[in-house]
Amino acid sequence: MIEQADNGTNRPKQGFGRAVGSALIVGAADDDCSAIGTYASAGAKFGPDLLWTAPVTLPMMYIVVYLSSKLGQVSGRGLFQVIADFYPRWLLWSVLVGVLIGNTIEAAADLGAMAAAINLFVPLPIPVIVAFVAAFMFALQVFGSYDLLRNIFRVLALALLAYVISAILAKPELVPVLSGTLLPKVRFSREYLSILVAIIGTTLSAYMYTWQSNQEVEEEIAKGRTSLEKRKGATEEELSRSRRDILIGMTFSNLIMYSIILSTGSTLHKVGQTQIETAAQAAEALRPLAGDAAGIIFAAGVIGVGFLAVPVMTTGAAFDVAQAMGWKNGMSAKPLEAPGFYLATGAFTLIGVTLNFFGFNPMQALVWAGIVQGFSTPPLLLLILLMTNDRRIMGDQVNSRSANILGGITTAVIFAASAGLVASWFL
C-alpha cells in the first residue's frame, strides 16, 4: 500500500460489489472515444511497438486517480473547490481555463465519434446525430438521479470488453508482442511523439481527476453527509478500499488500452493500413471477432463508452466552473436547487455539439483532443501533489514519501513528453 492514514471517524463499510462498479466507471470513462481513437491510431501506425505504454502508464494512472480520490475524501471537497478555498484566484482561473478547453474539445470529439459510429447504420448527417445524442444525454443528466446514472454507467462500461475479445481472436504474433510490451521503443519524430503525447494525454486526462474527487463527495452526500464538516476526514479502511477500487478500475482501463493497440496493430498495421480516417476503418480491427459484423461491435463499443464518457466530461466541467464561482453543485441536487451547475452542463454540451458542425474528421479530432489533454494535465497534476501535501487541507493525512515519488515521476514524464513534442515541431 502506498498510503497510511489515521482518522478515527467511524463510518459504515462499503460493499465490494459497489467498489468494483465504481472502479469500472472511472476506468471505462478513461477509455472514452478519444482514447479508443488514439489507441487504434497508435496500433495502426506503429503496430505492437507502443504496447509498452500500457504497463508503463498503469502506475501513473493509479497514483493520479488515487490522489484525487484521497483529496476528495479527506477534504470533503471537489478538486476545484479546494483550489478556490485555499489558493489565489489567478491560479484557480489559470488551471480552470486549460481544463475546460481540454474537456470541451474531448467531449466534442467523442460526440463526433459516436455519431460516426451510428452513421454506419443510420443514414443521417453526422451533425444531426450529434444533436440528438447530446440532447438525450443532457436530458438524462437533468432528470436522472445520481444512483440511476451510476448504475447506467456501470452497465455501459462492459461494452469495452469487446476489444479484449478482439485482441485475443486477432491471433497476434508472440515475439513482436512481447518485444513491444517489454522493450520500450522511442523515436524522436513528430509523428511518433504526437501519438505518444496523445496516449499519455488521453490516459491521464484532467477530467479523471475532477470526476474522481467529485464522485467521492457525491458518494458522501448520498450517504446523508450533506455538510462539509460531516464529509471531512477518511479512515484507513476507507482509503484502503479506495486503493483497491482504483487499482481494479485502472487495471481494467489499461487492459482495454492494451487490447485496442494490439487489435489494430495485429490487423490494420500488418496489412499496411496505417492511417485511420473513419470509424468504418477502425471497425476493421474487430473483423477477427465477427467478420462483417465487426462494424456493429465497434459501434457498440464506441457508442456505449461515449454515453458514459461525454456526461462525465460535461458534468465534470460544470462541477469545475460551479466550484470556482461558488455555486451550489452536484448530481444529487435538483435543477432548481443548482441552476448554475445545470446551465453550465448544458452550455458545455452545446459547445460540443456546435464544434461538430464545422466538419472536422472525428478520428483526427480524437487524437488532437488527447494532445490537448497532454498539455493541460501537467500543471494540474503538479497542483494536486502540492494540495495533497498541504496540512491546511489534509491535516495529518498528507502523502507518504512513496506516493510523492511516484506522483513526481508521473508529472515529470508528462512534462517531458509534452516538451519532446514541442521540440519535434522544430525538426
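Please go through the stretch 395-423 and give me each residue that is in contact with a Ser or Thr (Cβ under 6 Å, 6 or more places away or on another chain) and either farther than 22 Å from G98 by Cβ or assigned to a loop (DSSP other than H, G, I, E, B) (or both), ordered by number.
The answer is N399, and nothing else.
What number goes with the only condition from (1) in contact with a helix residue (DSSP H, G or I) (Cβ under 9 Å, 6 or more places away or on another chain); (2) farther than 26 Å from G201 by Cβ; (3) open to solvent by 10 Å² or more (accessible area, probe 1.4 Å) that P123 does not pass?
Among (1) in contact with a helix residue (DSSP H, G or I) (Cβ under 9 Å, 6 or more places away or on another chain); (2) farther than 26 Å from G201 by Cβ; (3) open to solvent by 10 Å² or more (accessible area, probe 1.4 Å), the lone unmet condition for P123 is (1).
Please work out if S179 is of a type outside the set (A, V, I, L, M, F, W, C), at pLDDT 85 or above, farther than 27 Å from A309 by Cα and more than 24 Å from the chain's Cα centre (by Cα).
Yes, satisfied.
Got at least one residue in the stretch 65-82 being more than 17 Å from the chain's Cα centre (by Cα) and outside any helix (DSSP H, G or I)?
Yes, the conditions are met somewhere in the stretch 65-82.
Looking at the stretch 201-216, which of its residues are among the β-branched types (V, I, T) and at pLDDT below 80?
Across the stretch 201-216, the qualifying residue is only T202.
Charged (D, E, K, R), in a helix (DSSP H, G or I) and over 30 Å from E337 (Cβ atoms): does that describe R187?
no
Just to verify a result, which residue in the stretch 213-260, among those that are of a type outside the set (G, A, S), outside any helix (DSSP H, G or I) and open to solvent by 40 Å² or more (accessible area, probe 1.4 Å), is farthest from G180 (Cα to Cα)?
Across the stretch 213-260, the extreme among qualifying residues is T226.
The values are calculated or read from the model by the stated rules, or taken from the named source; none is laboratory data. Please read all numbers here as calculations on a predicted model, not as lab measurements. All Cβ positions, glycine included, derive from the backbone under ideal geometry; neighbour counts span all protein chains shown. Calculation scope for accessible area: heavy atoms of the full protein, side chains included, ligands and nucleic acids excluded. Shrake-Rupley method; radii C 1.70, N 1.55, O 1.52, S 1.80 Å.
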